[in-house]
Amino acid sequence: MPYKHTIDNNRCKGCGLCVTVCPKNVLELSDEVNSMGYFPVYQARPEDCIFCTTCCIMCPDVAITIIKVVEETQAAEE
Ligand code: SF4
Ligand code: SF4
């Protein structure tokens, strides 16, 4: 997987905006509170994520990040 989707649980205030905008219905709100007393979002169906970044753009608290994962090369064999 060339990209990694991460959610900072302790920044999320459980507003649900990202859940609504995700075109693949990947996200759901947790039933466990975070350190701020909110129910944070999590990836309920990570295998369906297409890394479209819509959730990152929508989040008012910048709690979601998508980073590109650099694959290990075969440099060690050279
Ligand atoms: S990157 Fe796109 S598909 Fe993945 S969780 Fe966010 S909105 Fe949904
Ligand atoms: S939009 Fe941001 S603050 Fe709102 S539920 Fe999603 S991750 Fe949490």
The chain: projected area of the alpha-carbon convex hull, averaged over directions, in nm²: 6.2 nm²
Which residue, chosen from P40, C56, T20, occupies the Cα position most advanced towards the positive end of the dipole of the chain, where the dipole is computed from +1 (Lys, Arg) and -1 (Asp, Glu) charges on Cβ about the Cα centre? T20
Helix-derived mean residue ellipticity, 222 nm - over the chain, DSSP H n ≥ 4, -39500 (n - 2.57), to 500: -2500 deg cm²/dmol
The chain, dipole about Cα centre (Lys/Arg Cβ +1, Asp/Glu Cβ -1), debye to the nearest 20: 420 debye
Around C55, what is the net charge, scoring Lys/Arg as +1 and Asp/Glu as -1 over all other residues with Cβ under 15 Å from its Cβ? +1
If I stretch the segment between T65 and K4 completely, what's the gain in nm (0.36 nm per residue apart, minus their alpha carbon distance), one decimal? 21.2 nm
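Since every read-out is calculated from the coordinates, none of them should be taken as a lab result. Predicted model, so just to flag it, every value in this text is computed and none were measured. Virtual Cβ from ideal backbone geometry, glycine too; neighbours counted across all protein chains shown.
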